[in-house]
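The values are calculated or read from the model by the stated rules, or taken from the named source; none is laboratory data. None of these values were measured; they are calculated from a predicted model. Cβ placement follows ideal geometry from the backbone for every residue including glycine, while neighbour counts extend to all protein chains displayed.
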Amino acid sequence: MCSRAWTWRRTEHSWTNRRPASGLGRHEGPPRHNVGVPLRPPAGIPVSGVLANGAHPGGTAERTRRTGPSRIGGCVPRTRRDDPGTRHCCASWVPAPPIIVPARPLSVGARHPSLPPMSIPHILWVDDEIDLLRSHVMFLEEKDYDVSTVANGADAVDLVQQRPFDVVLLDEQMPGMEGLEVLDAIKDERPTLPVVLVTKSEEEDLMEAALGNRISDYLTKPVNPSQILLTCKRLLEQSQIRKEALSQEYLQSFNRISQKLRGALSPHEWIDLYQTLVEYDLELTDDEGARQVFQDQFEEANREFGGFVEEHYPEWMARVDEAPGNDRPVLSHEVVPEFVLPETGEEPVVFFVIDCLRYDQWLEIAELLRPHYTVDTDFYISILPTATPYARNAIFGGMLPVDLVDRFPKAWQTGEESEHSRNQYEDALLRHQLDQHHRDDLSIRYDKLITSEDGQQLAQDAANLTQHDLSAVVVNFIDILAHSRSESDVLKELAPDEEAYRALTRTWFEHSWLLDMLQALSNTDCTVVLTSDHGAVRSLQSTKVIGDRETSTALRYKYGSNLKCDEDDAIFVREPERFGLPSYGMNTTYLLAKQDYYFVYPTNFHHYENLYRDTLQHGGASMQEMILPVATLRPRGSS
C-alpha cells in the first residue's frame with residue numbers, strides 16, 4: 001500500500017478517515033469539513049495511532065472525560081491544537097499520524113523505511129599523542145563516526161562545554177591537566193556523558209579512583225582500532241537499548257497510570273504521579289509513537305488534576321490551622337516553617353526562591369549540582385492563584401492572601417498585576433513570620449536579584465551570605481525568561497517546545513552567576529534550601545471570558561465582578577474567603593484557568609487568541625504551576 005493510503009482512527013463517537021500528511025502541517029485528501037463523518041473501517045485497513053483518550057485501538061473505547069455538552073447544548077467548539085485556524089465539534093478529535101504500510105513486514109530490529117537515518121555519533125578523543133593515533137581516527141570515521149581530537153585536557157573541557165558529544169575517549173596520563181582531573185571537569189559539565197579512560201596502567205588504586213568518578217569503561221594501551229570501535233558501539237547501543245526499554249516500560253505502565261487517574265488520589269499520590277510523568281517527559285524523546293501517547297495522557301492527567309483542586313482546595317483552606325498530613329499538602333505559606341526553620345541552628349542557611357521554576361527545570365539544574373551537594377528533594381503545592389503577588393508573598397509572610405491583606409494592606413495598594421509592586425515587602429514579611437514562630441533571635445539577610453548585574457555582584461561575595469543565620473535570595477531570571485519567550489520570536493524559535501525550554505534553562509544555568517554562587521557556597525559550612533514560588537504552563541487553548549473594565553488583566557487568572565466563561569475551562573471562585581483570597585468588592589469573583597487554557601476577551605478575539613497562544617503563563621491550576629520542588633542541599637566539600 002503506498003503513502004497515499006487512508007489511515008483510520010477511532011474517535012469517541014465514530015471512525016474517521018484521513019489521508020496521511022505529505023508535509024509538515026499540510027493535509028491532502030478530503031476537505032476538513034468531512035472529518036468526523038461516521039464511517040466503518042474497511043476490511044484489511046490497519047488502524048493507526050491511538051484512541052483520542054490515549055488508549056491503543058482494538059479494545060473497548062472509553063469516552064474521554066473532557067467531552068460533554070455545553071450549557072446551551074451540543075458539542076463545545078474547540079480550536080485544534082495543531083491548527084488554530086480550524087475548529088471542530090468533537091472535543092476528542094486528534095489527527096492520526098502519517099503511516100506508510102510496507103509491502104511486507106519489517107524484520108525485527110529493522111528501521112522503518114520512512115524514518116530518518118540514525119544520527120552520526122560524535123566522539124571526542126583526548127590524548128597528548130593524538131597525532132600518533134591518526135590511523136585509529138580514520139578507521140572510526142570510515143565507520144561513520146564523527147571524531148574530534150584535542151591534545152590536552154583544558155581544550156577537551158572547553159569543547160565539551162561548547163558541543164554535544166556521545167562518547168569521550170580520555171588519555172589518563174597527559175601533561176597539564178591529568179586524565180582524572182579532566183574527568184572531574186567533564187562530569188561537572190555533562191554528568192551523564194560516557195567517558196572511556198585509556199591508560200597504560202591497571203593499578204588498583206587508579207582504577208578505584210576512576211570508577212569512583214563514574215567512568216563508563218577503560219582500555220589499556222596499546223589499543224587497536226577494533227577495540228575502540230567495539231567499546232564505542234557498546235556504549236552507544238546501551239544508550240539506545242535503554243531508550244527503547246524506557247518506551248516499552250512507559251507503554252506497559254500506561255494502563256496503570258490511567259487507572260490511577262480514574263481513582264481518588266490524595267495530594268501526595270498526585271505529587272508521586274506528577275514526578276513519574278515528568279521523568280517520562282524527560283526521557284521519552286526519541287520514540288514519537290510513545291511520545292504522542294504520553295502527551296495525550298499528560299493532558300488527561302492535568303484535566304483530572306484541575307477537577308481535584310477545584311473539589312479539595314476549599315477543604316485545605318478550612319483545615320489550614322491543622323498540620324499538613326495525608327489529606328492536606330504543605331502549602332506556600334508553610335514552606336518556611338516546614339523546610340527552612342528546621343535547618344537553622346548550628347550552621348547558616350541560605351534560602352533561594354527561584355521565581356517560576358518548574359520541577360522539570362529543577363531536575364536539569366539538580367544534575368549540575370550533584371557533584372557539589374547531596375540533594376534531597378521534597379514537594380509542596382502552591383496556593384492559588386499561582387502568581388508572584390499571591391504565592392511568593394505567602395512564602396515570605398507565612399500567611400494566606402486573605403490574611404496578608406488585613407495585616408499588610410500597603411502590600412496590596414499598588415498596581416494589581418505588577419510582578420514587583422506587590423512584592424516590595426518580602427523582607428518585612430519574612431521578619432514578621434520569624435517573630436510569629438518565636439525565631440526573632442536569627443540574624444537574617446534578604447536580597448532580590450532582578451538583573452544579571454545584581455546576581456554577578458552577589459556571586460562575587462557569596463561567602464558573605466554565610467555570615468547570617470538565614471539569608472534569603474530571590475532570583476527572578478527564570479520568570480523573566482518565561483515572559484521574554486512569550487514576547488520574543490527569537491526565543492520562541494530557540495525554545496519551541498518543553499524539551500527546548502528545559503535545555504535553554506539548563507544552558508543559562510551552566511554559565512550563570514547562580515551556579516558560580518552555589519559552587520562557592522558548596523565550599524562552606526552551610527545548608528542551602530532552594531524552591532520556587534510557582535511554575536508555568538504553555539498556554540495552548542483559548543477560552544472566552546466576559547468581564548467589566550475593572551477586571552484584572554492576567555491571562556491565567558481573573559478577578560472582578562460578574563465574570564463569565566466556560567465552566568469546564570476554569571475554576572469559578574464565587575466565595576473568595578473559601579479559597580483564602582481577598583475580596584475587592586461586594587461581588588468579587590475569581591476565575592482560575594485549568595489545564596493549559598488562557599483567557600481571551602470577545603473583542604478582537606482571534607487577534608488576541610493568536611497573539612497569546614503558545615506563551616508561558618502562570619496563575620492557574622495545573623500540575624506544572626502548582627506541584628513544586630523544595631530541595632535541601634548539603635555541601636560535599638564542607639568539613
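One line per residue, one yes/no per condition, for (1) among the hydrophobic types (A, V, I, L, M, F, W, C); (2) modelled with pLDDT of 95 or more; (3) out of contact with any Gly (no Cβ under 6 Å at 6 or more places or on another chain):
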{"position": "R234", "(1), (2), (3)": "no, no, yes"}
{"position": "D287", "(1), (2), (3)": "no, no, yes"}
{"position": "N302", "(1), (2), (3)": "no, yes, yes"}
{"position": "W316", "(1), (2), (3)": "yes, yes, yes"}
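Against the definition (surrounded by 15 or more Cβ atoms within 10 Å (Cβ to Cβ), of a type in the set (A, V, I, L, M, F, W, C) and not in a loop (DSSP other than H, G, I, E, B)), how does L442 come out, yes or no? Answer is no for this residue. May I ask you to list the residues in segment 368-401 that are surrounded by 24 or more Cβ atoms within 10 Å (Cβ to Cβ), over 18 Å from R556 (Cα atoms) and in contact with a strand residue (DSSP E or B) (Cβ under 9 Å, 6 or more places away or on another chain)? Selection gives Y380, A394, I395, F396.
From S452, S532, S484, S539, which residue is closer than 30 Å to Y559 by Cα and at pLDDT below 95?
S484
If I ask for residues that are assigned to a loop (DSSP other than H, G, I, E, B) and in contact with a Ser or Thr (Cβ under 7 Å, 6 or more places away or on another chain), which ones from segment 615-639 would you list? H618, G619, G620, R636, G637, S638, listed by residue number. How many of the residues making up segment 317-364 are without any contact (Cβ under 8 Å) to a residue 60 or more places away in the chain and either more than 25 Å from A536 (Cα to Cα) or among the small types (G, A, S) (or both)? Count: 8.
Which condition number in (1) under 18 Å from I627 (Cα atoms); (2) buried (at least 19 other Cβ atoms within 10 Å of the Cβ) is the one that V293 fails? Exception for V293: condition (1). All conditions in (1) surrounded by 15 or more Cβ atoms within 10 Å (Cβ to Cβ); (2) part of a loop (DSSP other than H, G, I, E, B); (3) modelled with pLDDT of 85 or more; (4) not β-branched (V, I, T) hold for E419, with the sole exception of (3). Applying the set (1) outside any helix (DSSP H, G or I); (2) over 19 Å from I478 (Cα atoms); (3) assigned by TED's automatic domain parsing to the domain that holds L481 to P385 leaves exactly one unmet item: (2).
To keep it simple, each residue is scored yes or no on (1) modelled with pLDDT under 95; (2) under 29 Å from E311 (Cβ atoms); (3) not β-branched (V, I, T).
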residue: I381; (1), (2), (3): no, yes, no
residue: L384; (1), (2), (3): no, yes, yes
residue: L400; (1), (2), (3): no, yes, yes
residue: P409; (1), (2), (3): yes, no, yes
residue: T414; (1), (2), (3): yes, no, no
residue: V474; (1), (2), (3): no, no, no
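Filtered by the rule that a residue be within 21 Å of the chain's Cα centre (by Cα) and over 11 Å from Q297 (Cα atoms), segment 252-269 gives S253, P267, H268, E269. The criterion of at least 1 residues that are more than 24 Å from L282 (Cα to Cα) and over 18 Å from the mean Cα position of the chain (by Cα) is met by the following helices (runs of 4 or more DSSP H) wholly inside segment 470-546: 477-487, 489-494, 513-521. Every listed requirement among (1) assigned to a helix (DSSP H, G or I); (2) free of Cβ contacts under 8 Å to residues at least 24 places away in the same chain is met by R303 save one, (2). Screening segment 587-596 for residues that are touching a Lys or Arg at 6+ places or on another chain (Cβ under 8 Å) and in a strand (DSSP E or B) and picking the one that is farthest from I383 (Cα to Cα) gives T589. Look at F572 and say whether it is crowded, with 20+ Cβ neighbours inside 10 Å and not small (G, A, S). When the stated conditions are applied, F572 does not pass them.
Look at D286 and say whether it is in contact with a helix residue (DSSP H, G or I) (Cβ under 6 Å, 6 or more places away or on another chain), under 19 Å from S247 (Cβ atoms) and in a loop (DSSP other than H, G, I, E, B). Yes, satisfied.
I'd like to know if segment 573-583 contains one or more residues that are under 29 Å from F396 (Cα atoms), assigned to a strand (DSSP E or B) and not assigned by TED's automatic domain parsing to the domain that holds V630. The answer is yes, given that some residue of segment 573-583 is under 29 Å from F396 (Cα atoms), assigned to a strand (DSSP E or B) and not assigned by TED's automatic domain parsing to the domain that holds V630.
Quick grid of which residues meet (1) surrounded by fewer than 19 Cβ atoms within 10 Å (Cβ to Cβ); (2) closer than 25 Å to E499 by Cβ; (3) acidic (D, E):
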position: L251; (1), (2), (3): yes, yes, no
position: Q259; (1), (2), (3): yes, no, no
position: W270; (1), (2), (3): no, yes, no
position: A323; (1), (2), (3): yes, no, no
position: R328; (1), (2), (3): no, no, no
position: G345; (1), (2), (3): yes, no, no
position: Q361; (1), (2), (3): no, yes, no
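The residue of segment 149-170 that is nearest to the chain's Cα centre (by Cα), among those that are in a loop (DSSP other than H, G, I, E, B) and either surrounded by fewer than 19 Cβ atoms within 10 Å (Cβ to Cβ) or in contact (Cβ under 8 Å) with a residue 60 or more places away in the chain (or both), is P164.
Residue by residue, here is whether (1) under 22 Å from S266 (Cβ atoms); (2) modelled with pLDDT of 95 or more; (3) in contact with a helix residue (DSSP H, G or I) (Cβ under 8 Å, 6 or more places away or on another chain) holds:
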site: F339; (1), (2), (3): yes, yes, no
site: P348; (1), (2), (3): no, yes, yes
site: V353; (1), (2), (3): no, yes, yes
site: L357; (1), (2), (3): no, yes, yes
site: D360; (1), (2), (3): no, yes, yes
site: T374; (1), (2), (3): no, no, no
site: I395; (1), (2), (3): no, yes, yes
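Of all the listed residues (S258, S239, S247), the sole one being assigned to a helix (DSSP H, G or I), at pLDDT below 90 and over 14 Å from V195 (Cα atoms) is S247.
Taking (1) modelled with pLDDT of 90 or more; (2) assigned by TED's automatic domain parsing to the domain that holds L132; (3) surrounded by fewer than 18 Cβ atoms within 10 Å (Cβ to Cβ); (4) not charged (D, E, K, R) in turn, Q173 satisfies each apart from (1). Tell me, yes or no, whether segment 172-190 has at least one residue that is among the acidic types (D, E), in a loop (DSSP other than H, G, I, E, B) and closer than 26 Å to L369 by Cβ. Scanning segment 172-190, I find at least one residue that is among the acidic types (D, E), in a loop (DSSP other than H, G, I, E, B) and closer than 26 Å to L369 by Cβ, so the answer is yes.
Entry remark, segment 309-321: residues being surrounded by fewer than 20 Cβ atoms within 10 Å (Cβ to Cβ) and either part of a helix (DSSP H, G or I) or touching a Phe, Trp or Tyr at 6+ places or on another chain (Cβ under 7 Å) (or both) number 7 in total. Of the listed requirements (1) under 20 Å from D497 (Cα atoms); (2) surrounded by fewer than 17 Cβ atoms within 10 Å (Cβ to Cβ); (3) in contact (Cβ under 8 Å) with a residue 24 or more places away in the chain, L611 misses just one: (3). Scanning segment 578-588 for residues that are surrounded by 14 or more Cβ atoms within 10 Å (Cβ to Cβ) and modelled with pLDDT under 95 turns up P582, S583, Y584, T588.
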